[in-house]
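The values are calculated or read from the model by the stated rules, or taken from the named source; none is laboratory data. Fair warning: this is a prediction, and the values are worked out from it, not measured in the lab. Backbone-built Cβ (ideal geometry, glycine too); neighbour counts: all protein chains shown. Quick note on the areas: whole protein, heavy atoms, side chains included, nothing else; ligands and nucleic acids left out. Shrake-Rupley method; radii C 1.70, N 1.55, O 1.52, S 1.80 Å.
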Amino acid sequence: MTVRIVDRRFDSKHKSSVNRSRFIQRFKGQIRKAVSDAINKRGLRDLDNGEKIGIPGKDIGEPQFEHGQGGVWETVRPGNDRFLRGDQVDRPPSGGGAGSGKGQASKDGEGLDEFVFTLTRDEFLDIFFDELALPNLVKQQLARIDQYRRIRAGFVQTGVPTNINMGRTMRGAAQRRIAVGGPYAAQLRLLEATLTELRLTRPDEDPEVEQLRHDIARLRAKIEAVPFVDTFDLRYNNRVRVPQPTTQAVMFCLLDVSGSMDEGRKNVAKRFFMLLYLFLTRNYERIDVVFIRHHTIATEVDEDDFFTSRESGGTVVSCALKLMHEIIAARYPSHAWNIYGAQASDGDNWHDDSPRCRTLLEESLLPLCQFFAYIEITDGPPQNLWEEYERLQGSSPRGNFAMQRIGTVADIYPVFRELFKRRA
């Protein structure tokens, strides 16, 4: 039996890249865990670099066909000077190989070293942000359409050679040949049948037989003169530009920089917001990010000040929520924008201000937001702001409010994925 393997994969000219993507897809679980571990060890400035990933050798083994136990084997042993035909050869003892893997010396057979390969920056971020999405991203702005996309719109008879559709062209050419040559083919079959009957009763030199041969040759010449592909048959793919409604979104990042947020907690919060910023700018084309820092006073800042400024002070969380509401009213109408918020704090707030924060969030912000997340950076018991926000979690009718706690750097990635995992 002859086995033929036909490679029908797309992009077969670049098999190495295809095989690499398949390898990453196969070991996505191990790679995702390694990516998560790598993020916990990085600083703010190198969060989006590539990474070297190690896969245990036992996990990359491929299934193989081998001879089964028992049976009668006929083999050729070159240089045999010990055995004759019919002699029985003892089976070698199991585990007799010399191990070649890492670790201490062993008599348990062979081993494989860990397979290490390097993820590029794009591959690293693709795996890191896989299956993540902004929740409830539904509002579309139709007034400002500045994006277009090309869609297929049938076929045309003129175009450039790169757009020629071979399937449609050959189909049209075959139909034309059948339509043009059909009458000639019917006449040809009739004349050939008549010639066959005359040859039974008349010699080849008969004038009528000669005339039939001449007519048959003339018809065949006409059929062969029909072009295989005519310029009339050429069909080109037609593509037209259609306006693409753009989905607009804005993310508000609220960072508590009060005195109770020490450098360790601020670093954890900045790591979370850095991941959020990378996620938004990589996956969405039209998205605005508004950075707000607050202590007793809330201020809108740019990206550089948000992550590097050392300003600090007391704690009044409600000022940040008020500023967010003012910015939404001034620049981001809720009927046209998908509005999101992420607030990071240690939860330590003035007791009189925490109920005010809950009221602002419940009455002013949540009705406008698609999703709002509160992240408390603490490894101790919940603070008063957490206790106030807990009352919103069950009472939010739209389910657009979520709370998570981050104690150490290792908790950032699981919390991030839980907040922004793709929902049905």
For Arg391 and Val76 in the same chain, what is the full-extension length gain: residue separation times 0.36 nm, less their Cα-Cα distance, in nm?
105.3 nm
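Select from the stretch 286-317 those GluC sites (Glu not before Pro) which occupy a DSSP coil region and have at most 14 other Cβ atoms within 10 Å, ordered by residue number.
Numbers: sites: Glu300, Glu303, Glu311; in loops: Glu311.
Here the GluC sites (Glu not before Pro) that fit, given the DSSP loop and packing criteria, are Glu311.
What does the charge add up to near Met261, with Lys and Arg as +1, Asp and Glu as -1, over the other residues with Cβ less than 15 Å from its Cβ?
-1
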Where the Cα atoms of the stretch 270-326 are projected onto their three principal axes, how long is each span, largest first, in whole Å?
35, 25, 16
Based on the Kirkwood radius over alpha-carbon pairs, what is the Stokes-Einstein translational diffusion coefficient of the stretch 321-385 at 37 °C with 0.692 mPa s viscosity, in µm²/s?
255 µm²/s
Taking all protein chains in place and a 1.4 Å probe, what share, in percent, of the accessible surface of the stretch 225-279 do carbon and sulfur account for?
54 percent
Accessible-area value, Glu263, 1.4 Å probe, nucleic acids and ligands omitted, Å²
110 Å²
With every protein chain kept in the model, how would you rank His351, His325 by accessible area, 1.4 Å probe, largest at the top?
His351, His325
His351-Thr408 FRET efficiency (beta carbon distance; Förster radius 45 Å; 0.05 resolution):
0.95
Could you give the nm distance between label points at Arg199 and Asp304, where each point is 7 Å from its Cα heading toward the beta carbon?
9.4 nm
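How big is the Kirkwood radius of the stretch 268-418, worked out from every pair of different alpha carbons and given in Å to one decimal?
On the way: mean 1/r = 0.0625 Å⁻¹.
One decimal place: 16.0 Å for the Kirkwood radius.
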Quote the accessible area belonging to Ile178 in square angstrom, nearest 10, computed with a 1.4 Å probe and with ligands, DNA and RNA left uncounted.
120 Å²
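For the stretch 256-365, with every protein chain kept in place, what is the accessible area per residue (1.4 Å probe, Å²)? Provide the component values of the computation, followed by the final result.
Details: 4640 Å² over 110 residues.
Result: 42 Å² of accessible area for each residue.
Which net charge results for the neighbourhood of Glu208, defined as the other residues with beta-carbon distances under 13 angstrom from its beta-carbon, given Lys and Arg at +1 and Asp and Glu at -1?
Details: positive: Arg199, Arg202, Arg213; negative: Glu197, Asp204, Glu205, Asp206, Glu210, Asp215.
Spelling it out: positives minus negatives among the neighbours equals -3.
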Residues of the stretch 161-232: accessible area per residue at 1.4 Å, in Å²?
72 Å²
Relative to the present Cα-Cα distance, how much length would full extension add between Thr158 and Arg189 at 0.36 nm per residue of separation?
7.4 nm
